[in-house]
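A short write-up of the structure that comes next.
The values are calculated or read from the model by the stated rules, or taken from the named source; none is laboratory data. Computed from a prediction, not measured in an experiment: that's the story for all the values here. Here the Cβ is made from the backbone with ideal geometry for all residues, glycine too, and neighbour counts use every protein chain on show. Each accessible area value is taken on the protein alone, full model and side chains, heavy atoms only, with ligands, DNA and RNA left out. Shrake-Rupley method; radii C 1.70, N 1.55, O 1.52, S 1.80 Å.
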Amino acid sequence: MNNKVEIVYSDADIVIAIKPAGTNSTDIPGGMPELVRAEIKSGDIRTVHRLDQMVSGLMLFARSSEIARTLSAQISEHEFHKEYLAVIRGEMENDNGLMEDYLRRNREERKTYVVPEGTADSQFAQLRYQVIGKTEGMELVRIKLLTGRTHQIRCQFSSRGTPVAGDRKYSQDTDCSFPIALWSYQIAFRHPVSGKRILAQKNPPQREPWNAFSLPEIKNEIMIL
């Protein structure tokens with residue numbers, strides 16, 4: 001596991017950092033808050049949203065409990081937007097689409113399943129996707145989450161026979177040489193103090209399997225709108 005993180009943006013109120021694969025999002029020993037504190041030499045770092053442990057990419061952190069509450073309210077009010085990039089195995093039936101399913105979490109297996117509507121303890125899950133690149137046996141997909149269920153992207157794509165490449169839990173990629181190809185590519189939210197809209201973007205590193213595709217063009221990693 002990495003013990004150093006890349007800081008994309010930092011001010012008196014927030015930090016945006018890159019979470020490495022295998023690092024926990026929460027405030028446990030070796031988790032992202034601890035690593036961010038060490039990097040920016042600050043004692044108060046709060047997680048306001050999560051990424052699966054094996055997923056990489058952009059994460060937003062608050063630098064006080066008050067800021068964390070403000071940002072958490074944006075998430076609750078659907079004012080915090082996340083987009084992902086994923087490399088999937090196989091071929092989507094359509095290059096653009098909306099996925100809608102009911103998902104149920106099996107806590108013992110730590111796995112999420114698509115289930116029929118009305119199943120006890122199920123939750124509605126929704127995302128939009130766009131295929132933006134194709135190569136032999138794989139496609140590059142841009143994903144906008146409309147709900148935030150545990151393992152949602154991984155479960156919904158796998159259920160359609162197009163699992164995320166490198167996903168050892170929801171596919172047969174047990175001998176894959178690279179981490180799961182799911183990357184938190186873009187986050188957008190209102191700055192909790194200034195109220196200005198912030199758009200943060202970051203492409204995944206140019207290594208397998210991402211280097212098989214042309215990634216989206218990014219002019220500025222941080223834009224204040």
Residue that is farthest from N203 (Cα to Cα) [pool: residues in the range 19-47 that are open to solvent by less than 20 Å² (accessible area, probe 1.4 Å) and of a type in the set (V, I, T)]
I45
I want to confirm something. Restricting to the range 182-200 and keeping residues that are open to solvent by 10 Å² or more (accessible area, probe 1.4 Å) and under 12 Å from the mean Cα position of the chain (by Cα), which single residue is nearest to V164 (Cα to Cα)?
W183
Regarding the range 34-49, can at least one residue be identified that is closer than 22 Å to A125 by Cα and not polar (S, T, N, Q)?
yes
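So that you can scan it fast, the table gives a plain yes or no per residue for (1) open to solvent by less than 50 Å² (accessible area, probe 1.4 Å); (2) part of a strand (DSSP E or B):
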residue: M59; (1), (2): yes, yes
residue: L71; (1), (2): yes, no
residue: Q74; (1), (2): yes, no
residue: H78; (1), (2): no, no
residue: E83; (1), (2): yes, yes
residue: I88; (1), (2): yes, yes
residue: E91; (1), (2): no, no
residue: G97; (1), (2): yes, yes
Residue among I88, I132 that is hydrophobic (A, V, I, L, M, F, W, C), touching a residue at least 60 places away in the same chain (Cβ under 8 Å) and farther than 15 Å from P163 by Cα
I132
Among the residues of the range 10-57 satisfying the criterion of being in a loop (DSSP other than H, G, I, E, B) and on the phi > 0 side of the Ramachandran plot, which is farthest from the chain's Cα centre (by Cα)?
K41
Just to be sure before I move on: is E136 under 16 Å from E91 (Cα atoms) and modelled with pLDDT under 95 in the structure I sent?
yes
